[in-house]
Amino acid sequence: MDAKERLLVEELCRRATGQVFHERDVLALLILLRGHSAAGSPVRELADFIAHREKDRGALKKYVQHAVAYGEALATGTPGQLKVDPVYTAGVFRDSLNSVLGNLSISAFSTELADDILVCTMSLLQDVRIFHQKREIGRLGFARFAGDLWLSGSVTLQPKVVQLVFPALIVPNRYCARGGADNLGFSGLVEARCTKGSLRLYVDGREAA
């Protein structure tokens, strides 16, 4: 890491620990850390998805592809099993992030701050399209289910047009009102920003209700 790159990373980390940051700061931080993280690690995989929004490889792509294969097996009457665990837990992401920061001699993020960074990452990944053999097989979305926020993967199966939705990433929701049976999503694209000591979610400039 050259001197200018380190200066940028350290400033972004100061903004994060000072709890005055925007999801754009997280985008910049992940892009800068991308080349210094281990291949296949959560930080590398998620930074790759942010950098290249139409994806045909990586852990999230494999996850969506597994859901497609499961749905197609059910449609043909073939027994199948869908693994619904998230691609990465919040704890695994935190360990990956702090490992990169530690290698750069930068102080580790707390559990709460690492969750904030992951929520921003989930927001940044809204509407990413997943491809297999040049065909779109699914998309990523941002949703709230009971006490959790999801980066959800969704696939639409033909010919019955059945939609499967499953959690790719999950974070406990302390950022907006909880979802419920009649409120599982947001009315538009979500923006995450931290301006008064706590990260909050906004839709169309208004705090998410």
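Look at segment 12-27: where a residue is assigned to a helix (DSSP H, G or I) and a partner is among the hydroxyl-bearing types (Ser, Thr, Tyr) and modelled with pLDDT of 95 or more, sitting 6+ places away or on another chain with Cβ atoms under 6 Å, you get Glu23/Ser123. One residue stands out in segment 112-138 among those that are within 20 Å of Asn98 (Cβ to Cβ) and either under 8 Å from the mean Cα position of the chain (by Cα) or among the β-branched types (Val, Ile, Thr) (or both): the one that is surrounded by the most Cβ atoms within 10 Å (Cβ to Cβ), namely Val119. The residues of segment 100-122 that are assigned to a helix (DSSP H, G or I), in contact with a helix residue (DSSP H, G or I) (Cβ under 8 Å, 6 or more places away or on another chain) and among the small types (Gly, Ala, Ser) amount to a single one, Ala114. Within segment 191-205, the residues that satisfy the criterion of being within 17 Å of Gly147 (Cβ to Cβ) and aliphatic (A, V, I, L, M) are Leu199, Leu201.
The values are calculated or read from the model by the stated rules, or taken from the named source; none is laboratory data. These numbers were taken from a predicted model, which means no experiment stands behind them. A quick note on method: Cβ atoms are made from the backbone with ideal geometry, for glycine too, and the neighbour counts reach across all protein chains shown.
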